[in-house]
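Have a look at the structure below before the remarks.
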């Protein structure tokens, strides 16, 4: 039987609120066994860009990344957010190591081609994750903290969506481990009623997903998120959990699994 | 006999000029055997601070690092400079890994106490370097690229001078390797006549240093630099070389050794 491993994705809203981040890191530090943290930082990047007089353009929730914006996200994701999370995890007794895809060539990507007239600029779509190298680190007790940056192998950093990074890392590590992928956000889980935090849907299987979709219970931005989660479990990730950041490790939230 | 290892320090002036950086990285990529790159980035940090409306204060060539400036150096050193160097080394076939002192707890420091009424703020003086962990990485073919940031083990990043970092890393690794420490800068070496690039002093031993100092041949900022180099060789570093960035690995420059 494979050893259990947890991949946790935490988004900008939590990373950028000191109190929420502290709770998240405490919860993450308490998780047993090998683990990986993947973080965002989009709000800080947007704020920093604004302070530098650089306009932020988003298309379908994704950041258009020109050269100036690439410098901003390299600084904010790779430096400011990543290294502070690493230092705080070290203080909590976790042997954290901050990584972008370029470090040890962990995650290689290619620049997204122009489609439908939209050029996302220096945005990378993941080609491969070096699961062997990550597994070696994990087996030596190191806890990777992954910033949403990849590289193309030709010297260019690329901006890659953190949710996607977490999914790709989880899928690759499923070769070595029994993986649980946890998406932390500000709600208790996937809600049946958007305004009722008690209406958490406990389990979503491919069958349940089709029903929820047909009934219109899940819609909008949650649809592609759940499709990604289902793709991850279909690719070998044991289970995906969507939960509140401060409930990490409590067994709460929505569980996405094949059955 | 110990295996040879090279620790290269490259300063801001070179890191921040694309052409100089490219030459430096090409030279670094060609160096045989295990190696470590330690970089600065002070000029970019100063520029970024200015763009963000943050004033830079220096005392004796060292940056006063308040909270706002710590954010700037965390971004610039840990993200912008470090990750771009890593990506470019990867493109040159070097399996680079970007590190601050916080990553894997590689370099622990304490906040510099207020002395003579000068509070440097979030500046760290190095307490220890985890040479065993670095040696493990080096033995697995990984090339550490070290940003001038350390941590205090209590969750705080600290700004640490890159020359000092390089010296401390070289001294610690001297337990495992026969270390050559190379300081790359814009001159051919330590010059006997400041305006004559052909007047490189080829060798400086402790004895020669005393003579050069008494004769006034070396003075000013070069004195503490050379004292640091001599301290490194006295602490077990095989030799220190001060040379032009684009002459890395050519055997040029000034060699500082015990004899």
> In the Gaussian network model of chain B, springs joining C-alpha atoms below 10 Å, which of B:194, B:29, B:166 carries the largest mean-square fluctuation?
Replying inline: B:194
> Any idea how far apart residue B:194 and residue A:187 come out in nm if each label point goes 7 Å out from Cα toward Cβ?
Replying inline: 6.7 nm
> At what distance in nm do the modelled label points of residue B:128 and residue A:175 sit from each other, each positioned 7 Å from its Cα along Cα→Cβ?
Replying inline: 3.7 nm
> How crowded by other chains is A:67-78, given as the mean number of beta carbons from other chains within 10 Å of each beta carbon?
Replying inline: 5
>> For a Förster distance of 45 Å, can you work out the FRET efficiency between the beta-carbons of residue B:116 and residue B:2, rounded to the nearest 0.05?
In response: 0.65
> Between residue A:50 and residue A:208, what FRET efficiency follows from the Cβ-Cβ distance if R0 is 30 Å, with the result rounded to 0.05?
Replying inline: 0.15
>> Assume the label is 7 Å from Cα along Cα to beta carbon: what separations in nm does residue B:59 have to the matching positions in the other copies?
In response: 5.1
>> Just to be sure I understand: chains B and A are related by a rotation, so which residue of B has its Cβ closest to that axis, and how close in Å?
In response: B:79, 1
>> List, shortest first and in nm to one decimal, how far the label point of residue A:125 (7 Å from Cα along Cα→Cβ) is from its counterparts in the other copies.
In response: 5.5
>> I'd like the distance between the alpha-carbon centres of the stretch B:167-229 and the stretch A:27-72, rounded to an integer number of Å.
In response: 42 Å
>> Please compute the average number of Cβ atoms from other chains found within 10 Å of each residue's Cβ in peptide B:103-109.
In response: 5
> What ranking, highest mean first, results for peptides A:127-137, B:92-102 when packing means the other Cβ atoms within 10 Å averaged over each residue?
Replying inline: B:92-102, A:127-137
> Other chains near A:145-155: what is the mean number of their Cβ atoms within 10 Å of each residue's Cβ?
Replying inline: 3
> Among B:204, B:118, B:54, whose mean-square fluctuation peaks in a Gaussian network model of chain B (Cα, cutoff 10 Å)?
Replying inline: B:118
> Quick one: label points 7 angstrom along Cα→Cβ at residue A:223, distances to the other copies in nm, smallest first?
Replying inline: 7.4
>> Cut-off is 10 Å between beta-carbons; in what order do B:62, A:71, B:115, A:30 appear when sorted fewest neighbours first?
In response: B:115, A:30, B:62, A:71
> In terms of the Cα gyration tensor, with a ≥ b ≥ c the square roots of its eigenvalues, is the stretch A:45-162 rounded because a/c is under 1.5, prolate because a/b exceeds b/c, or oblate?
Replying inline: oblate
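The numbers here are math on the coordinates, done by the rules we state, and not lab data. None of these values were measured; they are calculated from a predicted model. Neighbour counts are summed over all protein chains in view; Cβ atoms, including those assigned to glycine, are modelled from backbone coordinates with ideal geometry.
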